[in-house]
Amino acid sequence: MSFLYSIILYFIIIPAFILLVIRFTIRKLRGKVDLTNEVDVSGKTVIVTGASDGIGKVTAEEFAVRGARVILACRNLQKAERAVADIRTRTTNGEMIIMHLDLSSLSSVRKFSSEFIEKYGGGLSILVNNAGVLNAAGKRKLTEDGFEEAFGVNHLGHFLLTNLLLPELAKAGEKNLSEPSRVVIVSSLAHTWGSLNFNDLMYEKTPLEDWRMMSKLYSNSKLANNLFNLELAKRLRSGKVNVNCYALCPGIVDTNIGKEDMMNNPPPVYVTKILFPIFKWVIMKDSKEGAETTMYCSLSKYLTHQSGEMYRNCEFWDYSKRPKLSEKDATKLWEMSEKLVKLN
Ligand SMILES: NC(=O)c1ccc[n+]([C@@H]2O[C@H](COP(=O)([O-])OP(=O)(O)OC[C@H]3O[C@@H](n4cnc5c(N)ncnc54)[C@H](OP(=O)(O)O)[C@@H]3O)[C@@H](O)[C@H]2O)c1
Ligand SMILES: *[C@@H]1O[C@H](CO)[C@@H](O)[C@H](O)[C@H]1NC(C)=O
């Protein structure tokens, strides 16, 4: 009897208690959105890429709740329609418009931008560059234009999109100088594991085994997101354009990202049925929590006088000390990206 009692104590009660304390502490440390300090977006136009699922879908809903005109820029129109129908069961506020955008195709990015300007031009207040592919298996895949997929979708597609929409962002920024337009870049902590080889941006020559926790391809694309953020802020500042930009890490969020790879290469049952559910319960955010820093960067008045910085848990995340984010690299990546997407 006392043996059974010890087993229950040491293998169930104590571990469960420790996990509960960790869960509680982690949640305490996370910042929260301050709803009383937000810019008013009602009637304003915002774009969210990859709004059909995960963090992007919640982001679109949060904007709609606040009365914005939300453009859901998605590659799968049926899936986007299902997302909107689901959001509409919870709120009738705002306007939600689905438009086709496939970031793995430069011609699609161009088509989206010109259609947007034609139909809804007049000022874009917020652009959320949220869509992303993880490619957890680290297999080299290519976009329509022959770019390595993670770099092509997560960085180059958004690079072109942002540049094509800058006149619209600037236009909205001119309306009220104390309310700059915003570009919000959903990056990741994974950028710290990335390293860009400017002689091999498409990863044709570099061996692929080289990855830690995350696919190297993904980490590199997220490093590119942050370098883009740095250089964009610099250019906006020197051009005196009333547009700010921010990068962020949403945290570890339970979404569909990377699940396809997992399906093709399923881990052992004890991982999927025991370890993962525990990990999820203790550490992971749900999509609503995952979208909080995006909303913070999109709307918080505290950030009006900052640009080119990074945030997580609705808080400033100082990356000035990280050597990987050099201004020199940021400029170089910008110039190479311009050539790759044939911007000029
Ligand atoms: N989840 C996390 O723990 C985590 C951590 C750090 C950073 N992030 C970042 O958060 C962002 C959102 O990811 P998530 O976790 O919400 O994943 P998700 O649920 O898989 O959502 C990703 C979205 O991107 C879209 N997308 C993918 N490729 C696209 C393309 N070529 N063109 C247009 N849209 C495309 C997807 O469209 P479909 O619906 O058609 O697939 C989907 O709507 C990503 O940038 C990701 O890197 C996530
Ligand atoms: C301009 O923006 C500020 C800050 O959000 C706001 O308080 C003010 O009402 C706005 N002015 C106009 C004319 O909309």
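The values are calculated or read from the model by the stated rules, or taken from the named source; none is laboratory data. On a predicted model such as this, the values are computed, not experimentally measured, just so you know. Here the Cβ positions follow ideal geometry from the backbone for every residue, glycine too, while neighbour counts run over all protein chains shown. What goes into the accessible areas is simple: the full protein's heavy atoms, side chains included, and nothing from ligands, DNA or RNA. Shrake-Rupley method; radii C 1.70, N 1.55, O 1.52, S 1.80 Å.
In straight-distance terms, cross-link reach from residue 288 covers every one of the aspartates and glutamates whose alpha-carbon lies under 18 Å from its own, apart from those fewer than eight places away in the same chain; here that gives 34, 38, 53, 61, 62, 86, 254, 315.
Rolling a 1.4 Å probe across the protein heavy atoms gives the chain an accessible surface of 50 Å² per residue.
Note on residue 20 and residue 240: with the Förster distance fixed at 45 Å, the Cβ-Cβ geometry gives a FRET efficiency of about 0.30.
Extension gain for residue 286 to residue 82 (0.36 nm times residue separation, less C-alpha to C-alpha distance): 71.5 nm.
Given the pairs 79/222; 44/141; 44/328; 141/234, which are separated by over 29 angstrom at their Cα positions? Before the final figure, lay out the partial values.
Details: 79/222 25 Å; 44/141 37 Å; 44/328 36 Å; 141/234 32 Å.
44/141; 44/328; 141/234, as the Cα separations exceed 29 Å there.
Inter-part distance, region 71-131 to region 1-33, computed on C-alpha centroids, equals 43 Å. Could you work out how far helix 77-88 tilts from the main Cα principal axis of the chain, as a 0 to 90 degree angle to the nearest 10? Tilt relative to the chain: about 70 degrees.
When ranked by the protection proxy of mean other Cβ atoms within 10 Å per residue, highest first, what sequence do the peptides 56-68, 269-281 form? Could you put the intermediate results ahead of the total?
Working: 56-68: 25.5, 269-281: 11.6.
Most protected by this proxy first, the peptides run 56-68, 269-281.
Which FRET efficiency value, to the nearest 0.05, is calculated for residue 29 and residue 301 with the Förster distance at 22 angstrom and r the Cβ-Cβ distance? Numbers along the way, then the final one.
Numbers: r = 23 Å, r/R0 = 1.06.
Computed FRET efficiency for residue 29 and residue 301 comes out at 0.40.
Measuring nothing but how far apart in sequence close Cα pairs (under 8 Å, 6+ apart) lie, relative to its length, the chain scores a relative contact order of 19 percent.
Extension gain residue 92-residue 198, at 0.36 nm per residue separation less the Cα-Cα distance, in nm? Don't jump to the answer; show the numbers that get you there.
Details: separation 106, 0.36 × 106 = 38.16 nm, distance 4.76 nm.
Value of the extension gain: 33.4 nm.
Once you order the gyration tensor axes a ≥ b ≥ c over the Cα atoms, which shape class does region 90-133 get: rounded for a/c under 1.5, otherwise prolate or oblate by comparing a/b with b/c? In terms of gyration-tensor shape, oblate. Here the contact order of region 199-316, divided by its residue count and restricted to Cα pairs under 8 Å and six or more residues apart, works out to 35 percent.
Tell me, what is the FRET efficiency for residue 324 and residue 208 to the nearest 0.05, using R0 = 30 angstrom and their Cβ-Cβ distance as r? Don't skip to the answer; put the middle values down first.
On the way: r = 20 Å, r/R0 = 0.67.
For R0 = 30 Å, the calculated efficiency reads 0.90.
Does the chain come out rounded, prolate or oblate, given a ≥ b ≥ c as the square roots of the eigenvalues of its C-alpha gyration tensor, rounded meaning a/c under 1.5 and, failing that, prolate meaning a/b above b/c? If you can, show how the numbers build up before the last one.
Details: a/c = 1.69, a/b = 1.36, b/c = 1.24.
Taking the square roots of the gyration eigenvalues as a ≥ b ≥ c, the chain is prolate.
Let me know the shape class of region 7-100, please: from the alpha-carbon gyration tensor, a ≥ b ≥ c as square roots of the eigenvalues, rounded when a/c is under 1.5, otherwise prolate if a/b is greater than b/c, or oblate. Prolate, since a/c reaches 1.5 and a/b exceeds b/c. With each label modelled as a point 7 angstrom along the Cα→C-beta vector, the residue 142-residue 342 pair spans 1.6 nm. What aspartates and glutamates could a cross-link reach from residue 175, if we take a straight Cα to Cα line under 16 Å and drop same-chain neighbours fewer than 8 places away? Straight-distance partners of residue 175: 40. Share of carbon and sulfur in the accessible area of region 237-302 stands at 62%, probe radius 1.4 Å.
Give the relative contact order (percent, whole number) for region 124-277; include only Cα pairs under 8 Å separated by 6+ residues. Please list the in-between numbers first.
Working: 209 pairs, mean separation 48.6, N = 154.
Result for region 124-277 is 32 percent.
Here the Gaussian network model covers the chain, with springs between Cα atoms less than 10 Å apart; of 18, 98, 252, 18 fluctuates the most.
Please report the carbon-and-sulfur percent of the accessible area for region 1-140; probe 1.4 Å, protein heavy atoms only, DNA, RNA and ligands left out.
Details: 4470 of 7330 Å².
That fraction is 61 percent.
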